[in-house]
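First up is the structure itself, then whatever we jot down about it.
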Amino acid sequence: MTRIHGDPDAFVADALRGFARAHEGEVSLVDGGVVRAHPLESGKVAVLIGGGSGHYPAFAGYVGTGMAAGAVCGNVFTSPSTAQALRVAHAADAGGGVLFTYGRYAGDVIHFGEAERRLRDEGIDARTVLITDDVASAAVDDAGERRGIAGIVCVFHIAGAAAERGDPIDEVERLAALANSRTRSHGVAFAGCTLPGADHALFEVPQGHMSIGLGIHGEPGVRDVPLQSAPELAVTLAEPLLRERPAGAHRAAVIVNGLGAVKYEELFVLFGFVLEHLEAQGIEIVEPLCGEFVTSLDMAGVSLTVLWLDEELEELWRAPAFSPALRKGASAVLPGEGRSAADDRAALPTAEAPAEAASTAPPATPASLRAAAVARRLLVSTRDVIATHAERLGELDAIAGDGDHGIGMLRGVTAAVEAAESTDPATGVRELLQRAGDAWSERAGGTSGALWGAAVAQIGASLGSPDAISAADVARSVTAARTRVAELGGAQPGDKTMLDAIVPFDVTLSAQVRAGRGLPSALRAAAEAARAGADATAPMTPRRGRARPLAERSAGHPDPGAVSFSLMVAEIARCADTSREGR
């Protein structure tokens, strides 16, 4: 259990603040994460890492010489927002380009991908290398679909060491991708982890068993088997990695990683048996690591990572590293010795939001102002309904995910409400929903945060500021939002995602409006279609997202994203009916 916290919602901010104070000479806190206290030399590539918090030393602990220039830190088990990634990138950029590298999780891909696009629009050469080392999350034929777990440390160091020696961004990107292609990981869990403020674990492992193929976001493994002795466990962890050994590979970097609650002595016991087993297969071990490198709060579990080395990767793996969590090689002195960290921090680029350009848009029309007032009321109502069902949504998500969907939805819609209520009363619906959508994405993070934020903003953009807003305009805005969600998330109907509720809602609403039904009636029918769509996800097999590796556990339970969408549109339909009755 996570026992030490103040306000659970401020857990990440509090932890980062304390971390930065503990390592004042090494890192500096920025809005969205941390960067090196001593800025990069001009012209060097800024390797930026990141993801959800709850995995320390990942990600903030790997900012330093021979590692990352900065880390973007989201909420617990939730991807950071696009805005966070941009702020850290601006603070770390030294003119040599930016390379984002992180584990392949849907929310991270969406948010970091958008940050990369915006940096390119600004003229900054931004690239991405996704890390896909977890062999349990997809078959070898779909290796590009795998998620990133403890193997991220290998890619971080290879990329960071290449950038440190002054390699151009093309070369840093190539070497990071090469390291990822030759890194494999496999893990087991003995007990689940507990989110800050929660009173029960996200999942349980049957007594006397272990769960094989766990994820680092509190996801259980893909199957439970009886506990094994250390020699047996060493073989269980290593065998799938050995099966994917590249031709001719006989040297490897090895990491035995604890997930948070396994004691170091236990890790050392396993470590010895792992090395003996690998050496018996003719593998020479190069600078192995044993300890906690990528955790999952207080999860009891271990993982094994193997980076199959060639000559150029071995040179980089042996290169010095000096960060709060990884110190290896000859780098025993902080960078910037001879000048104070305070002086260097003063030279850091500020992470302030860019000043808003003077608005050139015409004043909002009366129709747009009326629509904005309606949007404010609907956001408040949907926040209240999510608050009522947040615990249920979290429990539903915990069946095959990390259990944070309810918390994330409430955090996001609350941010949207605050943004909407703080806007000037003269703000039209387009601008109001843009700000609400951006706030939702920023506060919630994660895949659903990105998708909901984009959907809300897209509805505003589609409605615009016309002289009149009809039911057909509302229907078209919903279609535009559905299209945007599909583009960003890459899902299709039948993949067991929120799209399975959005599509029937959109189709029914458009059909009802074309048939001449009034908007309240059309919304009521569309909300019922969304509910049926959400219910219909129960027997489906997830084909995208974190639940995909745990398809069997998901069977018989509806998708939490589809359920949350159906709850919100049902509330919108109820409000529309109430408004009609009050007129």
Give me the residue from the range 344-373 that is buried (at least 17 other Cβ atoms within 10 Å of the Cβ) and either over 28 Å from Asp31 (Cα atoms) or aromatic (Phe, Trp, Tyr) (or both) and, out of that set, modelled with the lowest pLDDT. Ala364
So the check is Cβ under 7 Å with 6+ separation or different chains; which pairs have a first residue in the range 68-88 that's part of a loop (DSSP other than H, G, I, E, B) and a second one that's surrounded by fewer than 24 Cβ atoms within 10 Å (Cβ to Cβ) and at pLDDT 95 or above? Ala69/Leu40
Go through (1) at pLDDT 95 or above; (2) closer than 30 Å to Gly403 by Cβ; (3) of a type outside the set (D, E, K, R) one by one and return the number of the condition Asn75 breaks. (1)
Only one residue in Tyr56, Tyr62, Tyr102 is out of contact with any strand residue (DSSP E or B) (no Cβ under 8 Å at 6 or more places or on another chain), under 19 Å from Ala325 (Cα atoms) and hydroxyl-bearing (Ser, Thr, Tyr), so which one is that? Tyr56
Within the range 443-502, how many residues turn out to be touching a Pro at 6+ places or on another chain (Cβ under 6 Å) and either within 26 Å of Ala364 (Cα to Cα) or of a type in the set (Lys, Arg) (or both)? 1
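Can you pull out every residue in the range 129-155 that is part of a helix (DSSP H, G or I) and surrounded by fewer than 21 Cβ atoms within 10 Å (Cβ to Cβ)? Let's see the steps before the verdict.
Here is the first cut: in the range 129-155, the ones part of a helix (DSSP H, G or I) are 135-137, 140-145, 152-155.
Val140, Asp141, Asp142, Ala143, Gly144, Glu145, listed by residue number.
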Failed item in (1) part of a loop (DSSP other than H, G, I, E, B); (2) modelled with pLDDT under 95, with Glu114 passing the rest: (1)
Return a yes/no flag: does the range 418-432 have any residue that is at pLDDT below 95 and within 19 Å of Thr497 (Cβ to Cβ). no
Total residues in the range 173-198, condition touching a Pro at 6+ places or on another chain (Cβ under 8 Å) and in a strand (DSSP E or B): 3
Between residues in the range 163-178 that are among the basic types (Lys, Arg) and residues that are surrounded by fewer than 22 Cβ atoms within 10 Å (Cβ to Cβ), which pairs lie under 8 Å by C-beta distance while being six or more apart or on different chains? Arg165/Ala319
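Asp170: part of a loop (DSSP other than H, G, I, E, B) and either surrounded by fewer than 24 Cβ atoms within 10 Å (Cβ to Cβ) or of a type outside the set (A, V, I, L, M, F, W, C) (or both), yes or no?
Numbers: part of a loop (DSSP other than H, G, I, E, B): no; either surrounded by fewer than 24 Cβ atoms within 10 Å (Cβ to Cβ) or of a type outside the set (A, V, I, L, M, F, W, C) (or both): yes.
In short, no.
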Got a number for residues in the range 199-242 being of a type in the set (Gly, Ala, Ser), assigned to a loop (DSSP other than H, G, I, E, B) and closer than 21 Å to Gly148 by Cα? 4
In the range 438-456, the residues that are surrounded by fewer than 24 Cβ atoms within 10 Å (Cβ to Cβ) and either polar (S, T, N, Q) or at pLDDT 95 or above (or both): none
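Scanning the range 99-128 for residues that are in contact with an Asp or Glu (Cβ under 7 Å, 6 or more places away or on another chain) and buried (at least 22 other Cβ atoms within 10 Å of the Cβ), which turns out nearest to Ala491 (Cα to Cα)? Before you say what the answer is, go through the steps one by one.
Filtering the range 99-128 for residues in contact with an Asp or Glu (Cβ under 7 Å, 6 or more places away or on another chain) gives 99-100, 102, 124, 126-128.
Now restrict to residues that are buried (at least 22 other Cβ atoms within 10 Å of the Cβ): 99-100, 102, 126.
On the way: Leu99: 26, Phe100: 24, Tyr102: 21, Ala126: 26 Å.
Filtering first and then ranking leaves Tyr102.
Of all residues in the range 262-299, which are at pLDDT 95 or above and small (Gly, Ala, Ser)?
Those that are at pLDDT 95 or above and small (Gly, Ala, Ser): Gly272, Ala280, Gly282, Gly291.
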Six or more apart or on different chains, Cβ under 7 Å: which pairs go from a residue in the range 314-343 that's in a loop (DSSP other than H, G, I, E, B) and modelled with pLDDT under 95 to one that's among the β-branched types (Val, Ile, Thr) and crowded, with 20+ Cβ neighbours inside 10 Å? Could you list them? Ser331/Thr65; Pro335/Thr65
Ile158 assigned by TED's automatic domain parsing to the domain that holds Ala234, hydrophobic (A, V, I, L, M, F, W, C) and surrounded by fewer than 24 Cβ atoms within 10 Å (Cβ to Cβ): no
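Results for (1) surrounded by fewer than 24 Cβ atoms within 10 Å (Cβ to Cβ); (2) at pLDDT 95 or above; (3) not assigned by TED's automatic domain parsing to the domain that holds Ala143, shown as yes or no for each residue.
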residue	(1), (2), (3)
Leu178	yes, yes, no
Val188	no, yes, no
Ala201	yes, no, no
Leu227	yes, yes, no
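The values are calculated or read from the model by the stated rules, or taken from the named source; none is laboratory data. For clarity, every value in this text was computed on a predicted model and none was experimentally measured. Please note: Cβ atoms are built from the backbone with ideal geometry, for glycine as well, and neighbour counts cover all protein chains shown.
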